[in-house]
Ligand code: GDP
């Protein structure tokens, strides 16, 4: 999980303040020494750390923090605000074409940063959320298989891919791609480009030529967040030569220490607009600096969790489930579906950390919150017959023994799981105003 070490260290630093009554100037200095070390260890660029610490210290000393009984909380708030600023302040919207011409996005970045995958994720995201009709353009003619990779992404999403093989110049591919988009009424063109292992002049010249030729509305620099503060050098070079418009940080689901996320906007003055949070083509989220600051400080991020749920579970599915609960026809097949939906939101350990308050519970990391438990619960259900799944009341002791043997779990586990299912069904029934309950109804009146 991203930022884990940083979050832990910052929480340790602030816990010292929490134990104090009124805090003094010396307390602030001590905490800021810890914050400084925590940021450096997270691989944030040292100049940025220096300025950050100075800003927080000045604000903390300037405001009425010293001598106040809630001084500790105020320092945390100042750090939160400054972290938000460091990452760009507010969510920044995309630049779309203001004319009737299609919007043109160009993906740039080093090889392996996630350009091709992110081109697909963006097309998918904008088709869904902005009703765009995207065309993907295969402009990486150097990496073997890059064109095929984009075509695979396109076919998974059912989004067309324009390609001209690898014997035509990328500028011509971009131009022809744009013409094709216009002919076929696409209002969004996303051009994938070549990356190298390092910034190199020839490549930059080629990217600059594409830029001059098609004049993109956005030039995204795709950056692997695992590269830490090195990302700053890469971003600065790309920015100098191409004047990028924004950054997309990928692989935020990995155990990045945070350096790239925290250094890149302030070093380039270009906003991070999206983050990649997994390998699936739906794993792309708009970047909200304030929510990210909350996450870094271990305060959770409930808004993103809700959005993820909305993304993964359709309204129809949710309504159908509510209806089943109300009608008390909720069975093991529904239970299975619901478990699969929860698993789509991400690993349990990550979901828990997005819930405010839960992530600061000590020892949570060691807790076996495991997705394994869901897996064996599923195994038990898979060992039931269809009749047992739709009509749980018929599951007698002998059936339970057979299910236990079939799923490789103990009889106790099978009994416990069925008991839990019955209890949640009863509880959900009463919450949704199911038959014979009326509890929630009377509360709502
Ligand atoms: P390109 O060379 O820049 O086009 O990079 P690719 O799109 O081929 O991505 C390189 C690898 O990173 C692939 O295995 C992707 O699946 C993976 N990847 C891209 N974005 C993410 C992300 O947000 N999270 C994770 N876990 N993997 C990613």
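The values are calculated or read from the model by the stated rules, or taken from the named source; none is laboratory data. As the structure is a computational prediction, the values presented were derived from the model and not from experiment. Cβ coordinates were reconstructed from backbone atoms using ideal geometry, including for glycine residues, and neighbour counts include every protein chain displayed.
Of the residues screened, residue 122 is one that is surrounded by 23 or more Cβ atoms within 10 Å (Cβ to Cβ), more than 11 Å from the ligand (Cβ to nearest atom) and in a helix (DSSP H, G or I). When the residues of region 266-286 are filtered to those that are part of a loop (DSSP other than H, G, I, E, B) and under 13 Å from residue 86 (Cβ atoms), the one that is farthest from the ligand (Cβ to nearest atom) is 269.
Residues considered: 112, 154, 195. Of these, the only one that is within 26 Å of the chain's Cα centre (by Cα), modelled with pLDDT under 95 and either surrounded by fewer than 21 Cβ atoms within 10 Å (Cβ to Cβ) or not in a loop (DSSP other than H, G, I, E, B) (or both) is 112.
Selection of region 231-253 for residues being in contact with a strand residue (DSSP E or B) (Cβ under 9 Å, 6 or more places away or on another chain) and either more than 21 Å from residue 195 (Cα to Cα) or assigned to a helix (DSSP H, G or I) (or both) yields 231, 234, 235, 238, 239, 242, 253.
Report, by residue number, each residue of region 142-168 that is closer than 20 Å to residue 111 by Cβ, touching a residue at least 40 places away in the same chain (Cβ under 8 Å) and out of contact with any helix residue (DSSP H, G or I) (no Cβ under 6 Å at 6 or more places or on another chain). Matches in region 142-168: 142, 143, 146.
Scan region 80-109 residue by residue and report those that are assigned to a strand (DSSP E or B), closer than 21 Å to residue 288 by Cα and more than 9 Å from the ligand (Cβ to nearest atom).
Across region 80-109, the qualifying residue is only 105.
Per-residue answers, yes or no, for (1) modelled with pLDDT of 95 or more; (2) under 25 Å from residue 256 (Cβ atoms):
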| site | (1), (2) |
| --- | --- |
| 118 | yes, yes |
| 121 | yes, yes |
| 136 | yes, no |
| 175 | yes, no |
| 205 | no, no |
| 221 | yes, yes |
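Name the pairs whose Cβ atoms lie under 7 Å apart, with the first residue in region 174-191 and more than 14 Å from residue 210 (Cα to Cα), the second part of a helix (DSSP H, G or I), and 6 or more positions between them or separate chains? Pairs found: 188/126.
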